[in-house]
Amino acid sequence: MKTWQKKVTATCLAVLTSVALYGCGSKSKVEAPAKNEKQIVIDIKGNKVEVPKNLKKLGVVPMPWAYVIYAFDGNSERLAAIHPGTKGAYKGKFLETKDKHFGKIDTKLINQNFSVNMEGLAGAGVEACLMWQYQEQDAKKLDAIGVKPILIYNDTVDSLKKSFSIVGQLLNKEEKAQKLIAYYDSSYNSIVKHKDEVGKAKKPTVLFLRNAQLRLQGNDNFMHEALEIGGAHNPFGQTALDSNNKNISMEQVYKINPDIILLSNFDKFVPDDLYNNKLAGQDWSTVKAVKEKRVYKVPLGIYRWDAPGVETPLMMRWIAHTMQPEIFKDVNIRKETKDFFKDFLNMELTDADLALIFADEANKNSKPLE
């Protein structure tokens, strides 16, 4: 082969090799796939847990926390297994209109009693699982088969905010977690700054029901405090703080004769069930709140507002304005909700969205909130 032909051939081979390695220019340089980096997350019990930095499949035992993940991520893509009760706040509710994938998440690998199908989680490729802090024994067993347990809790404000931080680190969303914590603190402070006015105000007696069997909802730490700082008289709050499963009788309802009744979204009951005496074995006709049409289904956004979660600050503001509209006249809860969803979830809420969140249809026969 002639010398000039050899040079051309060598040049062509060099060019082809360069193209294969670099593509069309250095910006498209092909690099070796990055290794699956790890990070250490310290859970609520102080355990140091090594998890993938780019977590793709997550199991979530506590019901509200599936929606915390949704809020931090802005989608449900990395949720691989959730508690079956979680879907109760999804089916036929606001989020179903926004995220169809959430409805397809597995609910069989986590049981109703919060236990988990360990081999099933591992077989489904779940890399980590959020669990309640008291599930330490199950956590050890999960860890032994390669599913990394992250313990969290939300029994107090401090543990809720600490768990936000833990989940923020787990998802590489620390900035969003801190932003949410700051919003929580700001909302709380905006209410307690009226402490003196609330202390002097006439307080409506409120009954907050979790379900139609007369189980209380307003007796846990979060809702009891929200009612208290918002200017309500919650007669069952102090005596029932240590008994979240406490049920009351209709005789007790008659005795306190509540001015306002709030209905949780942990049950399907609505104000008309009380107005029209549709609940078997219960007669609501003489109860003040019923006679004055002051029974309200509480809001439900991406999750139930009456459970500790990302929308808790909105629930506190809603309660305060509902109980003491004159003191908290600066609260425009629908606008605040629109702003919150835009800032934290990148959602532009419509009037129809707000109607779903605030249960306008269920509350249509109740006295309008001022």
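The values are calculated or read from the model by the stated rules, or taken from the named source; none is laboratory data. Quantities reported herein were computed from a predicted structural model and do not represent experimental measurements. Neighbour counts run over all protein chains shown; Cβ positions are idealised from the backbone, glycine included. Heavy atoms of the whole protein, side chains included, go into the accessibility calculation; ligands, DNA and RNA do not. Shrake-Rupley method; radii C 1.70, N 1.55, O 1.52, S 1.80 Å.
Among the residues of the stretch 224-237, is any open to solvent by 60 Å² or more (accessible area, probe 1.4 Å), touching a residue at least 60 places away in the same chain (Cβ under 8 Å) and assigned to a loop (DSSP other than H, G, I, E, B)?
No, there is no match, as no residue in the stretch 224-237 is open to solvent by 60 Å² or more (accessible area, probe 1.4 Å), touching a residue at least 60 places away in the same chain (Cβ under 8 Å) and assigned to a loop (DSSP other than H, G, I, E, B).
So, in the stretch 269-281, of the ones that are assigned to a loop (DSSP other than H, G, I, E, B) and without any contact (Cβ under 8 Å) to a residue 40 or more places away in the chain, which residue ends up most open to solvent (accessible area, probe 1.4 Å)?
Restricting to residues being assigned to a loop (DSSP other than H, G, I, E, B) and without any contact (Cβ under 8 Å) to a residue 40 or more places away in the chain, the top hit is Lys278.
What do you reckon, is Tyr70 within 15 Å of the chain's Cα centre (by Cα) and in contact (Cβ under 8 Å) with a residue 60 or more places away in the chain?
Taking the combined requirement at face value, the residue satisfies it.
Looking at the stretch 186-202 only, could you name the residues that are touching a Lys or Arg at 6+ places or on another chain (Cβ under 8 Å) and surrounded by fewer than 18 Cβ atoms within 10 Å (Cβ to Cβ)?
Matches in the stretch 186-202: Ser190 only.
Out of Asn265, Asn257, report the one residue that is open to solvent by less than 20 Å² (accessible area, probe 1.4 Å) and of a type in the set (S, T, N, Q).
None of the others qualify; the one that does is Asn265.
Look through the stretch 110-123, keep the residues that are assigned to a helix (DSSP H, G or I) and free of Cβ contacts under 8 Å to residues at least 40 places away in the same chain, and return whichever of them is farthest from Pro62 (Cα to Cα).
Going through the qualifying residues, I end up with Gly123.
Quick one: which residue in Thr350, Thr322 is surrounded by fewer than 20 Cβ atoms within 10 Å (Cβ to Cβ) and more than 16 Å from the chain's Cα centre (by Cα)?
After ruling out the rest, the residue left standing is Thr350.
In the stretch 108-119, how many residues are within 19 Å of Tyr90 (Cα to Cα) and open to solvent by 40 Å² or more (accessible area, probe 1.4 Å)?
4
Quick one: which residue in Asp272, Asp242, Asp306 is modelled with pLDDT of 95 or more and not aromatic (Phe, Trp, Tyr)?
Asp272
So which residues in the stretch 149-173 are of a type in the set (Ser, Thr, Tyr) and open to solvent by less than 50 Å² (accessible area, probe 1.4 Å)?
Ser159, Ser163, Ser165
Filter the stretch 353-368 down to the residues that are assigned to a loop (DSSP other than H, G, I, E, B) and open to solvent by 70 Å² or more (accessible area, probe 1.4 Å) and list them by number.
Glu361, Lys364, Asn365, Lys367, Pro368
Assuming Thr286 fulfils every condition listed in (1) surrounded by fewer than 22 Cβ atoms within 10 Å (Cβ to Cβ); (2) under 30 Å from Phe102 (Cα atoms); (3) of a type in the set (Ser, Thr, Tyr); (4) in contact (Cβ under 8 Å) with a residue 24 or more places away in the chain apart from one, which condition is it?
Of the numbered conditions (1) surrounded by fewer than 22 Cβ atoms within 10 Å (Cβ to Cβ); (2) under 30 Å from Phe102 (Cα atoms); (3) of a type in the set (Ser, Thr, Tyr); (4) in contact (Cβ under 8 Å) with a residue 24 or more places away in the chain, the odd one out for Thr286 is (2).
Based on what the data block shows, is Val126 in a loop (DSSP other than H, G, I, E, B), out of contact with any Cys (no Cβ under 9 Å at 6 or more places or on another chain), open to solvent by less than 10 Å² (accessible area, probe 1.4 Å) and in contact (Cβ under 8 Å) with a residue 40 or more places away in the chain?
So Val126 fits the description; yes.
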